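What follows draws every value from the coordinates through simple rules; no lab data is involved. The shown structure was predicted, so the numbers you read here are calculated from the model rather than taken from an experiment. Ideal geometry is used to build each Cβ from the backbone, glycine not excepted, and the neighbour counts take in all protein chains shown.
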Amino acid sequence: MYAQMIRTASTGVKPREEMTEEERRFQDRIDAGEKIEPKDWMPDDYRATLIRQIGQHAHSEVVGQLPEGNWITRAPTLERKAILLAKVQDEAGHGLYLYSAAETLGVSRDELIELLHQGRMKYSSIFNYPTLTWADIGAIGWLVDGAAIVNQVALQRTSYGPYSRAMIRICKEESFHARQGYSIMMKMAFGTPEQKRMAQDAVDRLWYPALMMFGPPDKDSVHTAQSMAWKIKVATNDELRQKFVNQTIPQMEYLGLKCPDPDLKWNDEKQGYDFTEPDWSEFFDVIRGNGPCNVDRMNDRVKAWEEGAWVREGLLAHARKKAAPAAAE
Ligand code: FAQ
């Protein structure tokens, strides 16, 4: 069902005079700040846009477990291992809330996962970069979860009720993730010269990919205008990127680390930093499937899905048996 909607989803904003009576009433509810709930009437494109965004968001949480899961056995202490394990489990839980929110729109989790595995749905560009050292785990918690929080705090106000409520819960857990990342960075940045060098190297490699997480510049963003009109998004890609830079640079200064952007400087007039944009050709290349780890990430996900088939079948058989105990006897 959703696979057909992907092709038909429009990207332009419909002028009010071209809207049907139903569409006008819907837009009025959005403008009045009302939440839209699963059984409410909604335009097909609103539904398709939400399925795309929530589905991609869910996939990002699940694929996002891979770069960190890779370090669970190599965490330097038992305490760090336990903390990282809890964080990676949280990401699975976030995927679950988000797939459930997408299901309220009439798409099944299996269909979304199939589309991901076929390369027809995306997940966040950031997870196509490798985690080479322990400092990368700190930088992911601090920069990647930090960027995710900036985006998700805004999404708590999104117009679709189930997505908004999932975001509220996810944001609470993400705050712990960012703290654990910053705690690793503090240990490294204030540690031996070699640890500090590793921390700087992680920032050097992950700074621009973290900026890319907010999506292309507003002028190249195909979905922002309509998504803002529907309040699916409540801030643009550039607005959120600027907010992230403003809040992160003082944290970087506290750590005594250098931002790999030689032109970064405070702009008094805009009360924010001027910074160099990421290399957008690299971003588009990564989301087309050509990043350093795209192939590995997808192979790992498909393998996990196939090898987990017997668990899903067993759980379904158990659920069926519980639902109809008399028939099963
Ligand atoms: N990566 O027109 P726009 C996390 C695509 S959660 C890949 O601007 P939109 C937690 C976009 O889909 C991280 N693709 O699109 C964690 C579209 O392609 P399409 C995930 C991207 O939707 C931490 C095309 O480019 N968070 O990290 C990206 O209005 C640590 C044009 O772009 C979310 O998903 C990208 N970065 O704005 C887990 C938040 N950016 O679909 C584990 C929810 C853009 O037409 C460890 N999503 N594209 O083929 C959003 O807020 C939005 O979807 C944006 C993109 C802002 C990401």
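Overview of results
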quantity: Rg to Rh quotient for the range 160-249, alpha carbon positions, Kirkwood Rh; calculated: 1.07
quantity: Per-q log10 I(q)/I(0), the range 184-325, q = 0.16 Å⁻¹ (Debye; single scatterer per alpha-carbon; no solvent); calculated: -1.00
quantity: Given charges at Cβ of Lys, Arg, Asp, Glu: the chain dipole, positive-most of 318, 214, 245; calculated: 318
quantity: Pairwise centroid distance, computed over Cα atoms, of the range 21-70 with the range 256-285, Å; calculated: 30 Å
quantity: Alpha-carbon Rg/Rh ratio, for the range 261-329, with Rh computed the Kirkwood way; calculated: 1.45
quantity: Principal axis dimensions, largest first and in whole angstrom, of the range 61-211 by Cα; calculated: 54, 32, 30
quantity: Summed side-chain charge close to residue 26 - residues other than residue 26 whose Cβ falls under 12 Å, Lys, Arg +1, Asp, Glu -1; calculated: -2
quantity: Percentage of interatomic Cα-Cα distances in the range 69-114 larger than 13 Å; calculated: 61 percent
quantity: Surface/4 of the Cα convex hull for the range 32-118, nm²; calculated: 7.4 nm²
quantity: Net lengthening on full extension, residue 246/residue 270 (0.36 nm per residue, minus Cα-Cα); calculated: 7.5 nm
quantity: Estimated dipole of the range 88-242 in Debye, rounded to 20 [Cβ of Lys and Arg +1, of Asp and Glu -1, Cα centre]; calculated: 340 debye
quantity: Selection from 185, 27, 46, by position along the positive dipole direction of the chain (Cβ); calculated: 185
quantity: Gyration tensor (Cα) of the range 7-74, equivalent ellipsoid semi-axes in angstrom; calculated: 37, 13, 9
quantity: Globularity index of the range 213-294, i.e. its alpha-carbon radius of gyration over 2.2 N^0.38 Å; calculated: 1.27
quantity: Amide H contacts under 5 Å for residue 36, placed H, 5+ residues apart; calculated: 160, 161
quantity: Residues whose placed amide H lies under 5 Å from that of residue 272, excluding near-sequence neighbours; calculated: 267
quantity: Largest-first ellipsoid semi-axes for the chain, taking √(5λ) over the Cα gyration tensor eigenvalues, angstrom; calculated: 34, 28, 17
quantity: Hz values of 3J(HN,Hα) by residue in the range 198-207 - Karplus curve (6.51, -1.76, 1.60), Gly and Pro given as x; calculated: 5, 5, 5, 4, 5, 5, 4, 7, 9, 4
